[in-house]
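**Student:** Here you go, one structure.
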Amino acid sequence: MRNAIVGEGSQIDENVLLGYPTGRKIEIIKTVIGARARIRSNTVIYTNVVIGDDLETGHNVVIREENVIGDGFCVWNNSAVDYGCRIGNGVRIHNNVYVAQYTVIEDDVFLAPGVIIANDPHPICAKCMRGPTIKKGARIGVNATLLPGIIVGEYSLVGAGSVVTVDVPSHTVVYGVPARPAKAIDELECPLNLVDRPYLEGRDVRTRERKAM
Amino acid sequence: MRNAIVGEGSQIDENVLLGYPTGRKIEIIKTVIGARARIRSNTVIYTNVVIGDDLETGHNVVIREENVIGDGFCVWNNSAVDYGCRIGNGVRIHNNVYVAQYTVIEDDVFLAPGVIIANDPHPICAKCMRGPTIKKGARIGVNATLLPGIIVGEYSLVGAGSVVTVDVPSHTVVYGVPARPAKAIDELECPLNLVDRPYLEGRDVRTRERKAM
Amino acid sequence: MRNAIVGEGSQIDENVLLGYPTGRKIEIIKTVIGARARIRSNTVIYTNVVIGDDLETGHNVVIREENVIGDGFCVWNNSAVDYGCRIGNGVRIHNNVYVAQYTVIEDDVFLAPGVIIANDPHPICAKCMRGPTIKKGARIGVNATLLPGIIVGEYSLVGAGSVVTVDVPSHTVVYGVPARPAKAIDELECPLNLVDRPYLEGRDVRTRERKAM
């Protein structure tokens with residue numbers, strides 16, 4: 001905890017390591033985490049990290065150095081965010097996810113369980129590492145694979161198990177291997193017929209209900 | 001351990017958390033785990049869980065609240081079972097698996113490493129979450145993806161890397177993206193020619209040998 | 001630590017378990033790890049393991065029993081190596097990877113994040129377990145799936161999200177579900193135009209630069 005400051009009202013489990021030193025040769029800067037953080041057991045957060053208020057981690061989470069992350073960040077069990085990422089507000093990363101170095105994730109993005117992100121177009125090459133950019137409000141389905149440097153457009157949805165090899169237009173549903181556009185996001189219907197319109201101007205049910213509150 | 005009871009003959013490593021409190025607003029009920037549990041390091045089991053005898057966990061396993069699980073449950077390293085699932089007897093879940101909320105898993109099911117299960121047909125929607133149902137004796141291959149609400153029939157086999165988007169008939173081998181039926185389970189041959197009949201009336205070699213003992 | 005010996009100059013975090021006993025019935029042999037190991041929090045290494053010098057592990061790593069591993073082995077967060085594998089020198093295994101029992105990995109292999117390896121052609125069968133062989137210098141892309149018994153040839157590259165069901169020739173780029181040959185490794189161009197030749201006689205940029213030093 002020598003290299004980390006955590007805001008008021010935070011709750012931190014045992015066996016949590018904050019301000020963990022990287023093996024990379026960088027100048028050490030104290031990690032700063034905002035108010036009301038909830039950090040669960042066996043989470044490790046490195047030095048040189050800035051995270052906003054209301055952080056929530058699951059168990060066995062790793063957040064590496066040189067990450068800048070907004071408010072309301074949730075990252076669940078057995079997931080890792082590698083170094084050098086930029087992550088906006090209200091981002092939710094589910095279980096067993098890997099976020100590669102230099103990934104850019106804008107506000108309100110959701111990564112479903114098992115999403116794996118790449119950043120090296122021809123491994124191993126330290127020169128060309130470039131993560132994808134996932135734009136505001138986009139949702140990446142379970143076990144999807146994102147290739148280096150691609151852009152997922154605002155409010156789009158990547159289907160489960162997809163491999164995204166090229167840019168995804170905004171407000172679009174894509175799926176498959178490789179992922180291809182299937183329809184506009186607002187045209188998607190609920191297969192269970194439980195909600196009338198899953199997406200309205202790209203916004204999902206939960207986001208609309210929160211806004212209405 | 002205040003919110004958990006573990007049966008006789010159990011062996012629990014250090015750094016195990018039992019009866020861990022959920023952040024969801026539910027009435028707390030003590031977790032009850034049967035006899036002869038073997039719980040390995042960094043496993044976390046929440047409150048409001050019932051698990052039968054002979055539980056075995058690997059390391060870094062998370063079992064969330066409101067799960068009801070039968071006897072002989074094995075769940076290995078870095079896997080998580082999210083809340084509200086129903087899991088039968090003799091179920092085996094391998095490494096790096098994610099089981100989504102409200103998944104139903106019947107007796108003798110096997111989930112291979114890296115299986116990822118979805119439950120939200122249009123994320124994020126709290127109203128439509130519905131896990132798949134994996135029926136008795138079914139086997140899901142490595143890194144397969146199961147979509148919300150689908151049913152995998154009894155004694156079927158889902159091939160490695162498949163994305164299952166529709167129901168799988170019983171006693172059937174399916175594979176691919178999306179997964180499609182390839183043959184009856186009993187027709188499958190061993191590619192290594194090491195066993196004569198991999199499946200007999202849908203039962204695998206191990207199950208048949210155990211029954212013969 | 002009773003069942004493990006670690007070489008000089010090693011640095012081991014708290015909450016690391018070395019020489020962990022397996023539940024399998026084998027004769028216990030002390031684990032031996034070479035010099036300058038860097039073992040991070042919540043790593044578990046079983047008994048009956050031999051690892052060379054300069055081991056580096058991430059957090060929450062599991063290395064099971066009866067593994068023989070060379071020098072310079074890196075294995076990152078939330079990955080597991082199951083029992084009975086043979087792993088050469090200079091092998092790098094990234095985050096959230098699962099290496100199945102009896103997998104053979106030769107020198108300088110790279111497994112990208114989320115790679116999942118199978119070893120049972122018709123689960124559950126204890127008789128036919130046979131891992132793949134990944135030959136010298138091969139690279140397996142993110143979230144790829146390797147089926148039992150296949151051979152990935154020297155210096156080949158398996159694309160992200162691929163499912164490898166048959167042998168991969170040496171010096172070849174393959175991708176897709178199922179993975180099929182696309183081109184010779186030396187013909188691959190950098191999509192970002194940042195390096196002139198990603199691979200030269202199959203060697204990647206990093207390997208060539210190291211050799212030049």
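**Student:** I'd like the residue in region C:65-109 that is hydroxyl-bearing (Ser, Thr, Tyr) and part of a loop (DSSP other than H, G, I, E, B) and, out of all such residues, is surrounded by the most Cβ atoms within 10 Å (Cβ to Cβ).
**Tutor:** C:79
**Student:** Considering only region A:110-121, state which residues are crowded, with 24+ Cβ neighbours inside 10 Å, of a type outside the set (Val, Ile, Thr) and either more than 14 Å from chain B (Cβ to nearest Cβ) or over 12 Å from the mean Cα position of the chain (by Cα) (or both). Full working, then the answer.
**Tutor:** Residues of region A:110-121 that are crowded, with 24+ Cβ neighbours inside 10 Å, as a first pass: A:110-120.
If we keep only those that are of a type outside the set (Val, Ile, Thr) too, we end up with A:110-114, A:118-120.
Residues satisfying the conditions are A:118, A:119, A:120.
**Student:** For the list (1) surrounded by fewer than 18 Cβ atoms within 10 Å (Cβ to Cβ); (2) of a type in the set (D, E, K, R); (3) under 30 Å from residue C:160 (Cα atoms), I need the number of the one condition that residue A:210 fails.
**Tutor:** (3)
**Student:** Further, regarding this structure: Name the residue that is nearest to residue A:176 (Cα to Cα), counting only residues in region B:187-207 that are buried (at least 16 other Cβ atoms within 10 Å of the Cβ) and either touching a residue at least 12 places away in the same chain (Cβ under 8 Å) or small (Gly, Ala, Ser) (or both).
**Tutor:** Here the answer is B:188.
**Student:** While we're here: Residues of region B:161-187 being touching a Leu at 6+ places or on another chain (Cβ under 7 Å) and more than 14 Å from chain A (Cβ to nearest Cβ), which ones? Don't jump to the end; show me each part of the working.
**Tutor:** The initial filter retains those residues of region B:161-187 that are touching a Leu at 6+ places or on another chain (Cβ under 7 Å), namely B:164-165, B:173, B:185-186.
Hits for region B:161-187 are B:173, B:185, B:186.
**Student:** Would you mention how many residues in region A:53-64 are crowded, with 20+ Cβ neighbours inside 10 Å and assigned to a strand (DSSP E or B)? Talk me through it step by step, then tell me what you get.
**Tutor:** Taking region A:53-64 first, the residues crowded, with 20+ Cβ neighbours inside 10 Å are A:54-55, A:57-64.
Now restrict to residues that are assigned to a strand (DSSP E or B): A:57, A:62-63.
Within region A:53-64, residues that are crowded, with 20+ Cβ neighbours inside 10 Å and assigned to a strand (DSSP E or B) number 3.
So that you can scan it fast, the table gives a plain yes or no per residue for (1) out of contact with any His (no Cβ under 7 Å at 6 or more places or on another chain); (2) more than 13 Å from chain C (Cβ to nearest Cβ); (3) over 27 Å from residue B:45 (Cα atoms); (4) among the aromatic types (Phe, Trp, Tyr):
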| position | (1), (2), (3), (4) |
| --- | --- |
| A:15 | yes, no, no, no |
| A:25 | yes, yes, yes, no |
| A:56 | yes, yes, no, no |
| A:61 | yes, no, no, no |
| A:91 | yes, yes, no, no |
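**Student:** Out of region C:1-30, which residues are small (Gly, Ala, Ser) and closer than 21 Å to residue C:58 by Cα? Don't jump to the end; show me each part of the working.
**Tutor:** First, pick out the residues of region C:1-30 that are small (Gly, Ala, Ser): C:4, C:7, C:9-10, C:19, C:23.
Across region C:1-30, the qualifying residues are C:4, C:7, C:9, C:10, C:19.
**Student:** So which residues in region B:116-145 are closer than 18 Å to residue B:188 by Cα and in a loop (DSSP other than H, G, I, E, B), if there are any at all? Talk me through it step by step, then tell me what you get.
**Tutor:** Pass one, region B:116-145, residues closer than 18 Å to residue B:188 by Cα: B:137-142.
B:137, B:138, B:141, B:142 - these are the residues of region B:116-145 that are closer than 18 Å to residue B:188 by Cα and in a loop (DSSP other than H, G, I, E, B).
**Student:** Further question on the same structure: With respect to residue B:148, is the statement that it is under 16 Å from the mean Cα position of the chain (by Cα), in contact (Cβ under 8 Å) with a residue 24 or more places away in the chain and either in a loop (DSSP other than H, G, I, E, B) or crowded, with 21+ Cβ neighbours inside 10 Å (or both) true?
**Tutor:** Yes.
All of the numbers you see were taken from the coordinates with simple rules; none came from a lab. A quick note: this is a predicted structure, and the numbers were derived from the prediction, not measured. Cβ: placed from backbone, ideal geometry, glycine included. Neighbour counts: every protein chain shown.
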